[in-house]
1. Given the conditions (1) outside any loop (DSSP other than H, G, I, E, B); (2) open to solvent by 10 Å² or more (accessible area, probe 1.4 Å); (3) of a type outside the set (D, E, K, R); (4) closer than 30 Å to residue A:59 by Cβ, report the number of the one that residue A:129 does not fulfil.
2. Residues being touching a Ser or Thr at 6+ places or on another chain (Cβ under 8 Å) and either on the phi > 0 side of the Ramachandran plot or among the aliphatic types (A, V, I, L, M) (or both): count how many of those fall in region A:264-293.
3. Can you go through A:330, A:353, A:334 and tell me which one is more than 17 Å from the chain's Cα centre (by Cα), of a type in the set (A, V, I, L, M) and farther than 30 Å from residue A:410 by Cα?
4. Which count do you get for residues in region A:168-202 that are closer than 22 Å to residue A:369 by Cβ and surrounded by 22 or more Cβ atoms within 10 Å (Cβ to Cβ)?
5. Any residue in region B:137-151 that's farther than 16 Å from residue B:127 by Cα: show its pairings with residues that are hydrophobic (A, V, I, L, M, F, W, C) at Cβ separation under 6 Å, as long as the two are six or more apart or on different chains.
6. Being closer than 30 Å to residue A:48 by Cα and away from chain B (no Cβ under 14 Å) narrows it down to one residue among A:292, A:297; which is it?
7. Among the numbered criteria (1) modelled with pLDDT under 90; (2) open to solvent by less than 30 Å² (accessible area, probe 1.4 Å); (3) touching a His at 6+ places or on another chain (Cβ under 9 Å); (4) not in a helix (DSSP H, G or I), which one does residue B:230 miss?
8. Kindly check whether there is at least one residue in region B:155-177 that is without any contact (Cβ under 8 Å) to a residue 40 or more places away in the chain, surrounded by fewer than 21 Cβ atoms within 10 Å (Cβ to Cβ) and of a type in the set (Gly, Ala, Ser).
Amino acid sequence: MIERFNEILSALKKNKLRSFLTAFGVFWGIFMLIIMAGAGKGLETGITDGVGKIAVNSFFMWTQRTSKPYEGFRRGRNWDFNNEDIEYIRNHIPEVKTVAPRLFGSWLSGNNTIRGDRSGSFNIKGDYPEWANIDPAEFPKGRWLNEIDIKQRRKVCVVGEKVVDEMFSKDEEPLGEYLKIGGVFYQIVGVIHPVSNMNMNGKTDESIFLPFTTMQIAYNYGNDVHMMGITAAEGLSASAVEEKVISAIKKRHKIAPDDVQAVGHINIEKQFKQFATLFGGISILTWIVGIGTLLAGVIGVSNIMLVIVKERTQEIGIMRAIGATPRVIIAQIISESVFLTTIAGYFGLFFGIFLLELANKGLESAAENGADIFIKNPEINLTVAVSCLLILIISGAFAGYIPARRAIQIKPIDALRTEN
Amino acid sequence: MIKLNNIHKSYVMGNSKLHVLKGINLDIEQGEFVSIMGSSGSGKSTLLNILGMLDNHDQGSYYLNNQQIKNMSEKKAAQLRNELVGFVFQSFNLISFKNAMENVALPLYYKGVKRKKRNIIAMEYLDKLGLKDWAEHMPNEMSGGQKQRIAIARALISKPKLILADEPTGALDTTTSYEVMEILKEINNDGITVILVTHEHDIASMTKKIIRLKDGQIHEIIRNGDLTNFREAYTKELETI
């Protein structure tokens with residue numbers, strides 16, 4: 001074994017440029033495969049992480065102007081959900097697990113928030129505690145809104161991290177402090193940190209969350225509801241529930257059943273399915289291109305081995321004249337080829353993974369600096385890497401075998417006579 | 001040692017067929033020192049290649065060391081070559097990327113001898129041929145005579161019974177040619193059969209038996225005793241030129 005290894009090494013060492021060129025094709029093939037597979041995986045992790053914590057079987061709906069006249073109403077009518085709708089859905093549609101209504105303080109434009117001599121412009125949202133079941137978040141300080149806030153219409157708020165940065169100096173403790181929002185004072189009870197990067201009406205970081213009931217009263221919303229987040233009961237598909245809820249709502253508000261514009265909605269389940277299809281496509285593409293590149297590398301090796309064998313015909317003739325059996329010759333050529341492809345493949349693998357790690361580090365630090373990044377943890381799993389290497393070794397053997405066969409088909413005497 | 005019976009060999013070249021050997025009958029005993037002569041195209045190299053199992057014959061029978069050589073697998077032929085035959089070529093045929101010692105040791109590699117051991121043996125043979133100091137040199141750093149001596153060492157290392165030399169002095173000047181012939185003579189004195197192909201009379205006259213080929217057949221065999229006559233004839237030939 002060591003004997004043969006020495007023999008391979010000396011043959012390759014004496015033909016450095018040739019060996020290098022042969023190896024480079026394979027190196028490049030596996031390098032590209034790793035990079036592409038890693039990038040694809042990174043995109044997938046990035047996007048699924050972004051929406052990952054949102055309840056998969058949920059949907060959101062909001063009101064828009066009607067697009068069809070119906071029961072005496074003209075088209076283009078403005079309308080809103082109301083509190084009765086919420087009660088109706090809770091009581092009459094058993095397929096619904098949770099309903100989380102929400103209000104948007106869209107009128108509060110400009111510097112709507114004041115604290116002492118500081119002021120800022122933030123997204124004001126009125127929420128029920130249930131919202132956190134649909135779009136989960138973390139609370140580094142304090143708590144989320146609760147039932148008592150809703151029942152007692154308490155003047156409390158939960159703020160995003162950017163709000164804290166802007167309204168407080170670094171050493172100030174936001175909890176328990178007051179913010180004046182649209183002329184009303186609210187006590188801060190919690191700081192929210194989003195888990196997903198899906199944003200409804202403005203970034204969570206730059207939002208202030210009030211109890212839904214407080215907001216309705218404080219700013220004269222009557223019993224209007226701007227948006228609802230709804231999750232389907234366990235084991236039911238969000239799409240089916242969505243259809244049922246929307247048609248019930250349309251009936252209650254005298255909207256044409258075939259008016260597709262009046263109720264705006266987004267279905268997380270559908271989004272997920274689309275993502276899944278997209279990532280499936282990306283990974284298939286990655287593999288087709290990657291394996292194609294790899295194959296080109298291997299064919300390159302075979303090609304170069306063929307040239308090598310031709311170049312070395314005389315050498316092979318000499319070897320045979322002094323007693324090398326065909327098996328020895330084939331073994332020699334195949335081991336050279338396998339050795340080259342394996343080493344080159346290993347380096348390709350190594351540098352590919354190295355580059356991915358580097359990219360990962362770069363992305364992480366960029367993410368910490370607050371950049372919006374949709375690629376996360378570009379990586380390739382060990383099984384894939386090892387099987388790539390295995391494929392390489394096998395194809396290296398094939399790449400060597402064909403030229404080796406050619407080499408021994410030539411009669412020793414013809415091989416000896418070959419002029420270089 | 002060698003027994004050839006009605007050996008025929010022809011080459012197909014495109015549409016035409018070239019009949020090179022037209023029935024060769026030949027016996028060579030163990031320990032003989034034979035040269036094969038003939039004009040170019042007379043089939044002398046072909047005959048040597050058949051003897052060395054580098055090429056196969058079409059018709060007739062060939063016994064080497066009491067073993068018939070016919071339809072032999074390449075594996076068996078390679079083993080026989082390794083065991084019985086050592087080759088010396090006109091163009092030396094050393095492997096260019098191996099140094100002198102590695103070249104000499106190569107046949108032992110195919111016999112499965114360990115690296116350390118075969119290098120020691122290779123050094124012994126290099127020493128015998130006066131090339132010990134050149135062991136680490138590459139073939140392209142050596143003169144023709146040195147290369148041929150390396151090739152001879154390589155042919156000898158597997159302790160063959162037969163040395164086949166195809167124009168061993170063809171690429172060498174006269175002085176070196178004679179040195180190489182001296183070495184071959186010594187090898188022959190150790191009991192190894194040496195067969196060489198040459199077209200030089202002076203080289204042939206140093207052997208003990210000359211086989212002259214003409215048009216693929218044995219024209220005449222000049223034995224030991226007649227060599228003096230051969231030398232005289234050769235001198236006369238020179239004079240007439």
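1. (1)
2. The number of residues fulfilling the criteria is 1.
3. Values: A:330 fails: farther than 30 Å from residue A:410 by Cα; A:334 fails: farther than 30 Å from residue A:410 by Cα.
Criteria check complete, one pass: A:353.
4. Of all residues in region A:168-202, those closer than 22 Å to residue A:369 by Cβ come to A:168-170, A:191-199, A:202.
Among the residues that remain, those that are also surrounded by 22 or more Cβ atoms within 10 Å (Cβ to Cβ) are: A:192.
Going through region A:168-202 one residue at a time, the tally reaches 1.
5. Sorted first by the residue in region B:137-151, then by its partner, the pairs are B:139/B:94; B:144/B:171; B:144/B:172.
6. Going through A:292, A:297 in turn, just one is closer than 30 Å to residue A:48 by Cα and away from chain B (no Cβ under 14 Å): A:292.
7. (4)
8. Looking through region B:155-177, none of the residues is without any contact (Cβ under 8 Å) to a residue 40 or more places away in the chain, surrounded by fewer than 21 Cβ atoms within 10 Å (Cβ to Cβ) and of a type in the set (Gly, Ala, Ser).
The values are calculated or read from the model by the stated rules, or taken from the named source; none is laboratory data. These figures come from a predicted structure and were not determined experimentally. Counting neighbours? That spans all protein chains shown, and the Cβs are built from the backbone with ideal geometry, glycine included. What goes into the accessible areas is simple: the full protein's heavy atoms, side chains included, and nothing from ligands, DNA or RNA. Shrake-Rupley method; radii C 1.70, N 1.55, O 1.52, S 1.80 Å.
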